[in-house]
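Here is the structure we will look at.
The values are calculated or read from the model by the stated rules, or taken from the named source; none is laboratory data. All values reported here derive from a predicted model rather than from experimental measurement. In this analysis, Cβ positions are derived from the backbone assuming ideal geometry, glycine residues included, and neighbour counts consider all displayed protein chains.
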Amino acid sequence: MKNRKAEIKDYDGFDTTEIIDASKSLKLKDLGLKLPDSLPTQVISIRLPTSLLNQLKAMGSNDDVPYQALIKLILAEGVVKRRKKSA
């Protein structure tokens with residue numbers, strides 16, 4: 001962390017006008033970079049009854065799995081089960 005702060009502080013006082021031409025804006029593709037079309041995960045908000053959430057946390061704790069990972073696992077299993085059922 002200290003190295004990162006020192007690096008930022010060093011660059012704050014560094015004159016980049018000889019290196020960077022402000023009149024020529026660069027795009028990611030100019031640098032050979034491409035962002036993914038969509039993020040691999042998305043943040044959502046969901047309301048769960050407190051008792052259900054507590055049960056999920058307890059289950060995760062018993063299995064030594066974070067409850068959020070357990071929720072994802074249960075959802076994935078449910079989706080597979082429903083797909084098989086509807087096929």
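Observations on the structure shown:
- Restricting Glu7, Glu18, Glu77 to those that are modelled with pLDDT of 95 or more, among the charged types (D, E, K, R) and out of contact with any Pro (no Cβ under 7 Å at 6 or more places or on another chain) reduces the list to Glu77.
- For Thr17: the one exception among (1) surrounded by 10 or more Cβ atoms within 10 Å (Cβ to Cβ); (2) part of a loop (DSSP other than H, G, I, E, B): (1)
- Residues that are part of a loop (DSSP other than H, G, I, E, B) and surrounded by 10 or more Cβ atoms within 10 Å (Cβ to Cβ) within segment 48-87 comprise Leu48, Val65, Pro66, listed in sequence order.
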